[in-house]
Structure formats: structure tokens, C-alpha cells
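Since every read-out is calculated from the coordinates, none of them should be taken as a lab result. For clarity, every value in this text was computed on a predicted model and none was experimentally measured. Here the Cβ positions follow ideal geometry from the backbone for every residue, glycine too, while neighbour counts run over all protein chains shown.
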Amino acid sequence: MTRVYVRPAHRGHGGGAALLAAVASRARAAGADRIRLDTRGDLVEARALYARHGYREIPAYNDGVYAEHWFEKVLS
């Protein structure tokens, strides 16, 4: 998953959660069994959002220049 973005004026109203749910639904429908993402260390709110929605930190799986934290969600 790449670049889930909610405009600052709309944050805190469930938009991020809705986007994550939509991505997971589409991924399941396409036959994916997990979603992975990476993010920067300064995106504290994003990391908290991922954790609240079942994403767990995992070891690095890429060497992205801005990647400082890596997450995975197993789809069931």
C-alpha cells in the first residue's frame, strides 16, 4: 500500500480508517493474503492509525529512502 492521504482539514473524522478498510477489502477480493507498507518515523499519527487497524511492525523488507518503519497486516 502506498500513499494513503487525508487532507489536514479532514483528519480525525474516520477518513483514514475508511481508506484502510477499502484497501483491505479490494486486496482480499484480488486474492491477497497480506498488505505491507512502509512509512517515515515522523508520521506518528499514521503509525498509530496502522496499529489501531491491525498492522504490526515487521523487519525491513525494502530499502526505501524514506522508509523507517515497516508494517504488515494479515488479511483473514
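Some notes on this structure:
- Only DSSP H runs of four or more residues enter the estimate; each adds -39500 (n - 2.57), and after division by the residues of the chain the mean residue ellipticity at 222 nm equals -10000 deg cm²/dmol.
- Radius 12 Å from Cβ of ARG34, net charge of other residues (Lys, Arg +1; Asp, Glu -1): +2
- R0 of 22 Å, Cβ-Cβ distance LEU43-LEU75: FRET efficiency to nearest 0.05: 0.45
- Mean separation of Cα pairs under 8 Å and 6 or more residues apart, divided by the residue count, gives the chain a relative contact order of 33 percent.
- Listed values (1) -0.49; (2) -0.38; (3) -0.32, entry calculated as log10 I(q)/I(0) by the Debye sum over Cα atoms at q = 0.12 Å⁻¹: (3)
- Modelled label reach - ARG11, point 7 Å along Cα→Cβ, segment 49-76 residues with backbone N closer than 17 Å: 49-53
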